[in-house]
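Structure first, commentary second.
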Amino acid sequence: MPSLGRLHLITDTRPGRDPLTVLRAALAVARAELVVQVRVEDDATDREAYDLTRRVVALCAPYDVTCLVNDRLHVALAAGAAGGHVGADDLPVGAAHGVLGATAVLGATAREPGTAAEAVAAGASYLGVGPCYVTGTKARLPAPIGPAGVRAVADAVDVPVVAIGGVTAARVPALLAAGAYGVAVVGALSGAADPARTTADLLGALGC
């Protein structure tokens, strides 16, 4: 598996957002500390997801940055991404590896120790844990688990735990203290006036 960066950027394709401009700014600052996860809106077509992923893969290649695709594993394969990420309502981790191959990077979403341990036993490369705080970037999310919830999962597994949901640079130290390996962000970068500066702030908080 490629080395896993500690700052995960999830593309924001909501109306009015510009994921590729944000990505270019983040890549120039974070380089190999970045992991990019292509996530599109539920009503996006596979062709739209594929076209975006191909462009993201091309932007990431010069920096040797890992590119993953959320949910749409067939798009990850077709576009040449390094792997994918599955949530609770997506394919199980074992089945997802059957699609992507045993060596693909595969993240899984977890919010409590039992499901986290099951995902790791099935072959998850890392876990996305949250939402940690209230966030408006995704609808119908469960209640935030906070740093204490991150700690419960981190203590139960031996793979990197990536905290997600309402993450800001100011909140990173508490998440690291709870056992997080890194953090994933959407709105913190897509809504930033200066994505490069925000990326640098997040990296500084992560100790990178």
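Numbers at a glance
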| quantity | calculated |
| --- | --- |
| Residue within the range 22-33 that is surrounded by fewer than 17 Cβ atoms within 10 Å (Cβ to Cβ) and among the basic types (K, R) present | yes |
| Set A58, A44, A49: member being surrounded by 17 or more Cβ atoms within 10 Å (Cβ to Cβ), modelled with pLDDT of 95 or more and of a type outside the set (S, T, N, Q) | A49 |
| Any hit, the range 89-102, residues being farther than 16 Å from R39 by Cα and in contact with a Ser or Thr (Cβ under 8 Å, 6 or more places away or on another chain) | no |
| Residue ID - nearest to G107 (Cα to Cα), chosen from residues in the range 142-198 that are open to solvent by 50 Å² or more (accessible area, probe 1.4 Å) and touching a Cys at 6+ places or on another chain (Cβ under 8 Å) | P144 |
| Checking R14 against (1) at pLDDT below 95; (2) open to solvent by less than 50 Å² (accessible area, probe 1.4 Å), the condition it does not meet | (2) |
| Close pairs (8 angstrom Cβ cut-off, 6 or more residues apart or separate chains): under 16 Å from Y126 (Cβ atoms) in the range 59-77, open to solvent by less than 10 Å² (accessible area, probe 1.4 Å) and in a loop (DSSP other than H, G, I, E, B) anywhere | V65/G5; T66/G5 |
| Residues of the range 70-97 that turn out to be in contact with a Phe, Trp or Tyr (Cβ under 8 Å, 6 or more places away or on another chain) and open to solvent by less than 50 Å² (accessible area, probe 1.4 Å), as a count | 2 |
| Residues of the range 98-119 that turn out to be open to solvent by less than 30 Å² (accessible area, probe 1.4 Å) and either under 21 Å from S3 (Cβ atoms) or of a type in the set (F, W, Y) (or both), as a count | 8 |
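The values are calculated or read from the model by the stated rules, or taken from the named source; none is laboratory data. Model, not experiment: these values are computed from the prediction. A quick note on method: Cβ atoms are made from the backbone with ideal geometry, for glycine too, and the neighbour counts reach across all protein chains shown. Please note that ligands, DNA and RNA were not included when accessible areas were found on the heavy atoms of the full protein model with its side chains. Shrake-Rupley method; radii C 1.70, N 1.55, O 1.52, S 1.80 Å.
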